[in-house]
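*Asks:* Before anything else, here's the structure in question.
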Amino acid sequence: MKSPLSSSAIGQLFQDAHTAHAFKPRAISDQDIQQLYDTMKWGPTAFNASPARFVFVRSQEAKARLIPALSPGNVPQVQAASVTVIVAHDTTFYEHLPRLFPAYDAKPIYANNAAAAEDAAFRNGTLQGAYLILAARALGFDCGPMSGFDAQKVNAEFFPDGRVRANFLLNIGEADPAGIYPRNDRMAFHEAAQIL
Ligand SMILES: Cc1cc2nc3c(=O)[nH]c(=O)nc-3n(C[C@H](O)[C@H](O)[C@H](O)COP(=O)(O)O)c2cc1C
């Protein structure tokens, strides 16, 4: 076992980290984005399949393609964020399994079962989106995940070949304190968990 992180590091990832709904103007570099990806990518996925695909929507031109798909309340958040990530997953991720998991031939499990492939792509892609939130927080960024958008519109605009599907959006940047809402309650241990 390793030593636990410091309480301040754990706080930066969890207790002290808030969802950001507004962002200060702050540029994010290609190197920052590369580092976000290279930190996130080590999180575990089934058969190491890594089905998530990420579109880092940073330019004004690219944001203009995304904005028509957003719920109205999410538009200013995307306009202000340093970058908005489309967290998506490749439903044909299994094509890469021979390279990503050479120890076992798992490709037929999914190649012959579209429902199993979609299930695994969504489950593991969602996990990878959560890893991206924690990677961003670990690297000092604030995050604002969003599901208020029309996925069909995003898919048509960004993934026209139909293989890749949007899951959720993630604003990344430096939070404007005006867009930090009061902390809401969480489910208590006895409500959400049991020890058997
Ligand atoms: C998957 C997901 C979708 C969300 N969708 C939206 C959204 O569309 N718009 C929005 O303003 N906030 C959205 N939120 C923000 C949540 O309401 C927020 O993360 C939650 O209330 C916890 O807030 P806290 O981190 O400040 O405690 C979303 C969060 C998640 C994880």
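*Asks:* Out of the residues in region 154-170 meeting the condition of being open to solvent by 20 Å² or more (accessible area, probe 1.4 Å) and of a type in the set (A, V, I, L, M), tell me which one is nearest to ALA88 (Cα to Cα).
*Replies:* Among residues in region 154-170 that are open to solvent by 20 Å² or more (accessible area, probe 1.4 Å) and of a type in the set (A, V, I, L, M), the one nearest to ALA88 (Cα to Cα) is VAL164.
*Asks:* Scanning region 141-153 for residues that are part of a loop (DSSP other than H, G, I, E, B) and touching a residue at least 24 places away in the same chain (Cβ under 8 Å), which turns out most open to solvent (accessible area, probe 1.4 Å)? Break it down into steps so the answer makes sense when it comes.
*Replies:* We begin by selecting, within region 141-153, every residue part of a loop (DSSP other than H, G, I, E, B); these are 141, 147-148, 150.
From what is left, the residues that are touching a residue at least 24 places away in the same chain (Cβ under 8 Å) are 141, 148, 150.
Working: PHE141: 19, GLY148: 22, ASP150: 60 Å².
In this case the residue turns out to be ASP150.
*Asks:* Sticking with this one: If you scan region 6-58, which residues turn out to be among the polar types (S, T, N, Q) and under 20 Å from ASN124 (Cβ atoms)? So that I can check it myself, show each step before the final result.
*Replies:* Filtering region 6-58 down to residues among the polar types (S, T, N, Q) leaves 6-8, 12, 15, 19, 29, 31, 34-35, 39, 45, 48, 50.
Correct list: THR39, THR45, ASN48, SER50.
*Asks:* Would you point out the residue of region 60-104, among those that are farther than 22 Å from PRO25 by Cα and charged (D, E, K, R), that is most open to solvent (accessible area, probe 1.4 Å)?
*Replies:* Top of the filtered list is ARG99.
*Asks:* Between a residue in region 26-51 that is at positive phi and any residue that is crowded, with 17+ Cβ neighbours inside 10 Å and outside any helix (DSSP H, G or I), which pairs come within a Cβ distance under 7 Å, given they are 6 or more apart or on different chains?
*Replies:* Going by the 7 Å Cβ cut-off, the qualifying pairs are PHE47/PHE101; PHE47/ALA106; ASN48/PHE101.
*Asks:* Would you be able to say whether some residue in region 177-193 is closer than 22 Å to GLN77 by Cα and in contact with a Phe, Trp or Tyr (Cβ under 6 Å, 6 or more places away or on another chain)?
*Replies:* Looking only at region 177-193, we keep the residues that are closer than 22 Å to GLN77 by Cα, and these are 177-184.
In the following step, the residues that additionally are in contact with a Phe, Trp or Tyr (Cβ under 6 Å, 6 or more places away or on another chain) were identified as none.
No: zero hits.
*Asks:* In addition: Can you name every residue in region 59-99 that is small (Gly, Ala, Ser), touching a residue at least 60 places away in the same chain (Cβ under 8 Å) and part of a loop (DSSP other than H, G, I, E, B)? Even if it seems obvious, please write down each step before you answer.
*Replies:* Applying the first criterion (small (Gly, Ala, Ser)) to region 59-99 yields 59, 62, 64, 69, 71, 73, 80-82, 88.
Then drop every residue that is not touching a residue at least 60 places away in the same chain (Cβ under 8 Å), which leaves 69, 71, 73, 80-82, 88.
The answer is SER71, ALA81, SER82.
Let's see how each residue does on (1) more than 18 Å from ALA81 (Cβ to Cβ); (2) of a type in the set (Val, Ile, Thr); (3) within 13 Å of the ligand (Cβ to nearest atom):
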| position | (1), (2), (3) |
| --- | --- |
| ALA120 | yes, no, no |
| LEU132 | no, no, yes |
| GLY140 | no, no, no |
| PRO145 | no, no, yes |
| PRO160 | yes, no, no |
| ARG163 | yes, no, no |
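*Asks:* Just to check your reading of the model, which residue among PHE168, PHE189, PHE101, PHE93 is within 27 Å of PRO68 (Cβ to Cβ) and of a type in the set (Phe, Trp, Tyr)?
*Replies:* Values: PHE189 fails: within 27 Å of PRO68 (Cβ to Cβ); PHE101 fails: within 27 Å of PRO68 (Cβ to Cβ); PHE93 fails: within 27 Å of PRO68 (Cβ to Cβ).
Selected residue: PHE168, the only one of PHE168, PHE189, PHE101, PHE93 that is within 27 Å of PRO68 (Cβ to Cβ) and of a type in the set (Phe, Trp, Tyr).
The values are calculated or read from the model by the stated rules, or taken from the named source; none is laboratory data. Values in this document were obtained by computation on a predicted structure and should not be read as measured data. Positions of Cβ are generated from backbone atoms using ideal geometry, with glycine treated the same way; all protein chains shown enter the neighbour counts. To get the accessible areas, we keep the full protein, side chains included, count just its heavy atoms, and leave off ligands, DNA and RNA. Shrake-Rupley method; radii C 1.70, N 1.55, O 1.52, S 1.80 Å.
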